[in-house]
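Peer 1: Please find one structure pasted underneath; my questions will follow.
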Amino acid sequence: MEQTGTENGVAAMAAHYQRFDPAAYLQYNYTPPRADFDRKDSIVPWKLACLHRAFTEGDIGGKLLVDIGTGPTLYQVLSACEVFERVVLTDFLEANRKELRRWLQGEEGCGLDWTPYMQHVCELEGRRASAWTEKAAKLRRAIAAILPIDVHRPQPVEPGALPAAGADCLVSCFCLESVSPDLAAFTRALGHIGTLLRPGGHLLLIGALEESFYLGGPGVKIPVVPLGEADVCASLNASGYTLIRLEVYTLPRDMRVGVDDVTGVFFAKAKKD
Ligand code: U87
């Protein structure tokens, strides 16, 4: 009975995503005020600073990094590609994977110009903004695959698509809470993606706090499981991770632009036991 309820919830989430609009989504979340590089309190610079710090502390390393639920965005691997030889991107929707392939192949008409993002991360790295062309080339070389994924399956990617030993690091931004019908499904999904990570590997998890919906396009209201900081810590523990650090960002009023009801963002750095 309970299992059927969960399956229905998961199927309902998948149905919502069929109307996800990558171009609209990029406009809502990845342009000013949410991505204003002249403001320290803007949400995207905060995320980029967390990722930069995590990848330059010296404890994260290895060959392979996998980003879970990449969506149509690349900001989350701009620091990672300086540390990892191979980066694998994943998403549930073909429309998002297509958007990523478009950037990878250097085609015109990408949904968003990532240049200011790359310039900003170069500056965080102590380089001149003009070094962004080198970062773009490095990221294109590092991206080894763009794979379909479903975090609700015990085996989230096709068998054999990733090395059995597991990745050295996982990144996942705003994915699990935006695709799970309830906290139990969120925690299970965290366990599922953990099977892709080697023991001792790191997980960098970014997500929304106390959010109940977001817009995936005009009129596309996608439900989200509202999370508190304590939920995030408990789920990580229950899924076999040791928390290294949890940082929280509170949205300034003018970042609440009507595309969701998020009040804050968490950044967790954890290690698989
Ligand atoms: C990003 N990572 O923008 N299995 O960071 C796996 C699935 C499944 C499934 C759907 C939601 C963004 C939330 C990218 C994309 C993240 N996507 C895929 C959003 C909500 C707060 C907020 C947001 C974004 C699906 C930016 C900011 C804020 C999407 C991805 C979720 N509100 N993956 N079963 N089902 N997906 O295709 O690409 O998950 Cl700043 Cl505050």
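Each value in this text was obtained by applying a stated rule to the coordinates, not by laboratory testing. This structure is a prediction, so every number in the text was calculated from the model and none was measured. Every residue, glycine as well, gets a Cβ built from its backbone with ideal geometry; the counts of neighbours run over all protein chains shown.
Peer 1: Take each of the peptides 16-26, 254-264, average the number of other beta-carbon atoms within 10 Å over its residues, and list them starting from the highest.
Peer 2: Ranked by mean Cβ neighbours within 10 Å, highest first: 16-26, 254-264.
Peer 1: Name the most mobile residue of 133, 242, 73, meaning the one with the largest mean-square fluctuation, in a Gaussian network model of the chain with Cα contacts below 10 Å.
Peer 2: Top of the fluctuation ranking is 133.
Peer 1: Normalised by the number of residues in segment 2-272, what is the relative contact order in percent for Cα pairs under 8 Å and 6+ residues apart?
Peer 2: RCO, segment 2-272: 21 percent.
Peer 1: Can you give me the Cα centroid spacing of segment 86-127 and segment 189-239 in angstrom?
Peer 2: Between the Cα centres of segment 86-127 and segment 189-239 lies a distance of 22 Å.
Peer 1: Follow-up. Quick query: amide H of residue 173 versus all other amide H atoms, modeled in the peptide plane; which residues come in under 5 Å with a sequence gap of 5 or more or a different chain?
Peer 2: 68, 206
Peer 1: Could you work out which residue, out of 253, 245, 101, moves most in a Gaussian network model of the chain, that is, has the largest mean-square fluctuation with Cα springs under 10 Å?
Peer 2: Largest GNM mean-square fluctuation: 253.
Peer 1: Using the Cα atoms of the chain to build a convex hull, what is its mean projected area in square nanometres?
Peer 2: Answer in nm², one decimal: 13.4.
Peer 1: Considering amide H positions built from the backbone, and no H for Pro or chain starts, which residues 5 or more places from residue 93, or on another chain, come under 5 Å of its amide H?
Peer 2: Amide H neighbours of residue 93, under 5 Å, 5+ apart: none.
Peer 1: Exposure proxy check: 171, 224 ranked by fewest other beta carbons within 10 Å?
Peer 2: 224, 171
Peer 1: Rg and Dmax in Å for segment 136-273, alpha carbons only: what are they?
Peer 2: Computed over the Cα atoms of segment 136-273, radius of gyration and Dmax are 15.7, 46 Å.
Peer 1: Which percent, nearest 5, of DSSP beta bridges in the chain are antiparallel?
Peer 2: 50
Peer 1: Moving to a separate point now. Whole-Hz Karplus ³J(HN,Hα) for segment 17-25, in order, using 6.51 cos²θ - 1.76 cosθ + 1.60 and θ = phi - 60°, x for Gly and Pro?
Peer 2: 6, 5, 9, 4, 10, x, 5, 5, 4
Peer 1: So, one more: Can you work out D for segment 1-74 in µm² s⁻¹ from Stokes-Einstein, where Rh is the Kirkwood radius over C-alpha pairs, the temperature is 10 °C and the viscosity is 1.306 mPa s?
Peer 2: The estimated diffusion coefficient comes to 101 µm²/s.
Peer 1: For segment 64-134, what is the relative contact order in percent, using Cα pairs closer than 8 Å and at least 6 residues apart in sequence?
Peer 2: 28
Peer 1: Please get the size of the charge dipole for the chain, origin at its Cα centre, with Cβ charges of +1 on Lys and Arg and -1 on Asp and Glu, quoted in debye to the nearest 20.
Peer 2: In debye, rounded to 20, the chain gives about 640.
Peer 1: How would 42, 178, 130, 212 line up from fewest to most surrounding beta-carbon atoms within 10 angstrom?
Peer 2: In order of increasing Cβ crowding within 10 Å: 130, 212, 42, 178.
Peer 1: Calculate one ³J(HN,Hα) per residue across segment 101-112 by plugging θ = phi - 60° into the Karplus curve 6.51 cos²θ - 1.76 cosθ + 1.60, and present them in order as whole Hz with x for glycine and proline.
Peer 2: 5, 4, 5, 4, 8, x, 6, 6, x, 5, x, 8
Peer 1: Would you kindly derive the ³J(HN,Hα) couplings of segment 251-265 from the backbone phi angles with the Karplus curve 6.51 cos²θ - 1.76 cosθ + 1.60 (θ = phi - 60°), listing them in order in whole Hz, with x for Gly and Pro?
Peer 2: Once θ is set to phi - 60°, the couplings for segment 251-265 become 5, x, 3, 6, 8, 8, 9, x, 8, 5, 10, 5, 10, x, 10 Hz.
Peer 1: As a check on your grasp of the helix formula, calculate [θ] at 222 nm for the chain: sum -39500 (n - 2.57) over DSSP H runs of n ≥ 4, divide by the residue count, round to the nearest 500.
Peer 2: -10500 deg cm²/dmol
Peer 1: Under a Cβ-only charge scheme (Lys and Arg +1, Asp and Glu -1), can you give me the dipole magnitude of segment 83-187 about the Cα centre, in debye to the nearest 20?
Peer 2: Dipole magnitude for segment 83-187 comes out near 380 debye.
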